[in-house]
Amino acid sequence: MRRWLFGDQLGPHFLDEPQQTVLMVESRGVFERRAFHRQKAHLTLSAMRHRAAELGDRVLYLKTRTYREALRLAGEPVDVCAPTTLRARRLVDALDDVTVLPPRGYVTSHEDFVSWADARRGTLRMEDYYRHARHRHDVLMEPDGSPAGGKWNLDADNRNPPPRGVTRLNVPPPPEIVEDEIDAEVRADLDRWAAEGVEFTGVDGPRLFPATRAEALARLRHFVTDRLPLFGPYEDAMLSGDPFMAHSLLSSSFNLGLLDPVEAIDLAEQAYRVDAVPLAGAEGFIRQLIGWRDYVWHLYWYFDAGYRSVNELHARNRLPDWFANLDADAVDARCLSDVLSGVRDRGYVHHIPRLMVLGNYALQRGWRPAAMVDWFHRNFVDGFEWVMVANVVGMSQYADLGKITTKPYAAGGNYINRMSDYCSGCRYDPRTRLGENACPFTAGYWTFLHRTRERLSGNVRMMRSLQQLESIHDLDQIIAQEQDRGSRAP
Ligand code: SF4
């Protein structure tokens with residue numbers, strides 16, 4: 001039977017046999033409904049068209065406004081690996097001539113996750129699931145059932161600030177992406193769509209992320225041999241002159257389905273077993289895949305559809321225009337301006353700027369979590385709805401009051417100062433909470449605690465911070481200062 005491949009099912013593991021016939025559908029309507037980042041649109045279309053070129057005459061590649069229209073044109077029954085959004089899942093389930101197969105592209109099965117989660121009675125922690133999954137799939141395990149190196153969690157080794165006095169980490173850059181005629185054709189199409197009224201965010205630029213399996217594999221192999229050794233210690237650090245640090249830059253490749261996470265885990269573990277990379281690096285990378293990636297995937301389906309709009313902290317403010325429009329030049333706060341410019345110019349910043357700069361700022365200001373899910377989804381090259389719902393609602397915005405994390409990821413400027421080189425060149429002072437030089441993150445931290453103190457009062461991990469709040473003698477002035485700042489860019 002012909003296999004229908006969605007645009008995030010592009011690797012060979014989505015086919016059963018090499019000669020299988022394929023249906024692919026490119027729908028301009030997807031880009032007309034919401035404004036996506038220009039480089040995300042380019043990457044997605046480029047990856048789909050490159051895959052179609054590889055498949056040659058085995059693919060029926062249709063450009064239609066809707067999927068239903070394409071299936072009518074195809075005129076034959078198809079099967080499809082379960083798509084990754086609720087909306088698409090409902091669509092394929094409702095279509096007569098479509099057989100839906102189990103999802104692919106994840107390490108662990110949903111049945112396994114459900115039986116694990118059901119047994120936890122509401123307390124779900126990624127760390128617990130990660131250990132369960134490593135056991136079950138024999139990843140970084142010793143023959144006696146203990147974790148490699150004797151420890152499950154090497155976060156303590158992986159939370160170093162950036163090395164002092166450097167502007168870049170000493171790691172070789174990933175293999176360069178060379179655009180081809182397919183990229184040029186996509187660029188011309190997007191230019192034409194924009195002229196016809198389709199809106200995009202961000203700026204266009206050279207393609208920075210893999211659109212083919214060959215490019216993704218080259219980046220994976222290079223990462224494991226040349227960048228992974230330094231990934232672990234500095235995975236939480238930020239340098240203004242080095243947006244990529246030693247990160248793999250592979251999240252978009254996994255999420256487009258170009259790579260199977262199992263092959264990446266195997267490569268990283270092999271490198272550790274032959275002493276080519278330290279355990280902390282291999283463990284940190286594997287944790288991102290079998291830990292966070294699989295975990296948020298399963299949560300997307302495990303929680304009901306209403307989870308996306310959960311808002312237990314009553315965060316009701318709309319995203320200000322400067323943030324929604326990625327207007328980094330409107331921002332003085334050096335960390336926020338640099339990170340926002342990274343989103344605007346590349347459609348990518350790594351997980352700490354996402355969590356501790358962008359998410360932290362939104363959490364402090366009480367911006368609507370659902371709007372943040374949508375913002376992250378549209379503006380990041382690796383952003384998909386299933387990725388962002390639990391990551392943003394549960395982790396970054398703590399809108400579920402702790403279903404998946406133990407406390408809010410709210411922090412003042414001292415955290416950013418410790419983990420980056422931003423503050424030394426900033427007009428604000430991370431130690432100051434009041435006055436001209438008051439760091440908006442430091443002042444925002446105290447106003448966040450003040451606003452949410454009742455909702456957070458039952459959280460033992462917040463007790464110390466809430467006690468400190470009681471001793472802030474100038475709290476009223478900080479609140480007045482932040483009210484005065486309102487939604488203006490800091
Ligand atoms: Fe960011 Fe505050 Fe540091 Fe400026 S002082 S870079 S606003 S944390």
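The values are calculated or read from the model by the stated rules, or taken from the named source; none is laboratory data. If you're wondering where the values come from, they're calculated on a predicted model, not measured in any experiment. No Cβ is skipped: glycine too gets one built from the backbone with ideal geometry, and neighbour counts run over all protein chains shown.
When only residues in the stretch 419-464 that are in a helix (DSSP H, G or I) and hydroxyl-bearing (Ser, Thr, Tyr) count, which is nearest to the ligand (Cβ to nearest atom)?
Quick first cut of the stretch 419-464, residues in a helix (DSSP H, G or I) only: 419, 423-425, 440-456, 460-464.
From the residues that got through so far, the ones that are hydroxyl-bearing (Ser, Thr, Tyr) too are 424, 442, 445, 447, 452.
On the way: Ser424: 8, Thr442: 7, Tyr445: 10, Thr447: 14, Thr452: 20 Å.
Ranking the qualifying residues of the stretch 419-464, first place goes to Thr442.
If you go through the stretch 375-389 one residue at a time, do you hit one that is of a type in the set (A, V, I, L, M), modelled with pLDDT of 95 or more and farther than 30 Å from Pro103 by Cα? There is no residue in the stretch 375-389 that is of a type in the set (A, V, I, L, M), modelled with pLDDT of 95 or more and farther than 30 Å from Pro103 by Cα. Within the stretch 256-272, residues that are assigned by TED's automatic domain parsing to the domain that holds Ala282 sit with their Cβ atoms under 7 Å from residues that are of a type in the set (Lys, Arg), at 6+ positions apart or across chains, in these pairs: Leu258/Arg213; Pro261/Arg293. When residues in the stretch 90-121 are screened for being within 21 Å of Gly383 (Cα to Cα) and either surrounded by fewer than 16 Cβ atoms within 10 Å (Cβ to Cβ) or small (Gly, Ala, Ser) (or both), 3 of them pass. Please find, within the stretch 248-287, the residue that is surrounded by the most Cβ atoms within 10 Å (Cβ to Cβ) out of those that are at pLDDT below 95, of a type in the set (Gly, Ala, Ser) and in a helix (DSSP H, G or I). Looking at the filtered set, the residue picked out is Ala282.
Residues checked against (1) hydrophobic (A, V, I, L, M, F, W, C); (2) under 26 Å from Trp301 (Cβ atoms); (3) in contact with a strand residue (DSSP E or B) (Cβ under 9 Å, 6 or more places away or on another chain); (4) outside the structural domain of Phe6 (by TED's automatic domain parsing):
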| site | (1), (2), (3), (4) |
| --- | --- |
| Leu23 | yes, yes, yes, no |
| Ser46 | no, no, no, no |
| Tyr67 | no, yes, yes, no |
| Val114 | yes, yes, no, yes |
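Within the stretch 412-433, track down each residue that is touching a helix residue (DSSP H, G or I) at 6+ places or on another chain (Cβ under 6 Å) and buried (at least 17 other Cβ atoms within 10 Å of the Cβ). If the condition is that a residue be touching a helix residue (DSSP H, G or I) at 6+ places or on another chain (Cβ under 6 Å) and buried (at least 17 other Cβ atoms within 10 Å of the Cβ), then Gly412, Gly413, Ile416, Asn417, Tyr422, Cys423, Cys426, Pro430, Arg433 are the ones that fit. Of the residues in the stretch 387-404, not one is surrounded by fewer than 21 Cβ atoms within 10 Å (Cβ to Cβ), within 22 Å of Ile352 (Cβ to Cβ) and within 16 Å of the ligand (Cβ to nearest atom).
Scanning the stretch 465-489 for residues that are within 13 Å of the ligand (Cβ to nearest atom) and assigned to a helix (DSSP H, G or I) yields one hit, Arg485. Against the criterion of being under 22 Å from Ser251 (Cα atoms), of a type in the set (D, E, K, R), modelled with pLDDT of 95 or more and surrounded by 14 or more Cβ atoms within 10 Å (Cβ to Cβ), Arg51 qualifies.
Among the candidates Leu401, Leu449, the residue that is modelled with pLDDT under 95, aliphatic (A, V, I, L, M), over 30 Å from Ala35 (Cβ atoms) and not assigned by TED's automatic domain parsing to the domain that holds Asp118 is uniquely Leu401.
Here Met238 meets each of (1) touching a strand residue (DSSP E or B) at 6+ places or on another chain (Cβ under 8 Å); (2) more than 20 Å from Asp155 (Cα to Cα); (3) crowded, with 24+ Cβ neighbours inside 10 Å with one exception, condition (2).
Which of the residues belonging to the stretch 319-342 are part of a loop (DSSP other than H, G, I, E, B) and in contact (Cβ under 8 Å) with a residue 60 or more places away in the chain? Matches in the stretch 319-342: Pro320, Asn325, Leu326, Asp327, Val331, Asp332, Ala333. Taking first residues from the stretch 49-61 that are within 19 Å of Gly75 (Cα to Cα) and partners that are part of a helix (DSSP H, G or I), the Cβ contacts under 7 Å between residues at least 6 apart in sequence or on separate chains come to Val59/Ala52; Leu60/Ala74; Tyr61/Ala52.
With respect to (1) assigned to a loop (DSSP other than H, G, I, E, B); (2) more than 14 Å from the ligand (Cβ to nearest atom); (3) of a type in the set (A, V, I, L, M); (4) within 30 Å of Val203 (Cα to Cα), the lone exception for Ala410 is condition (2).
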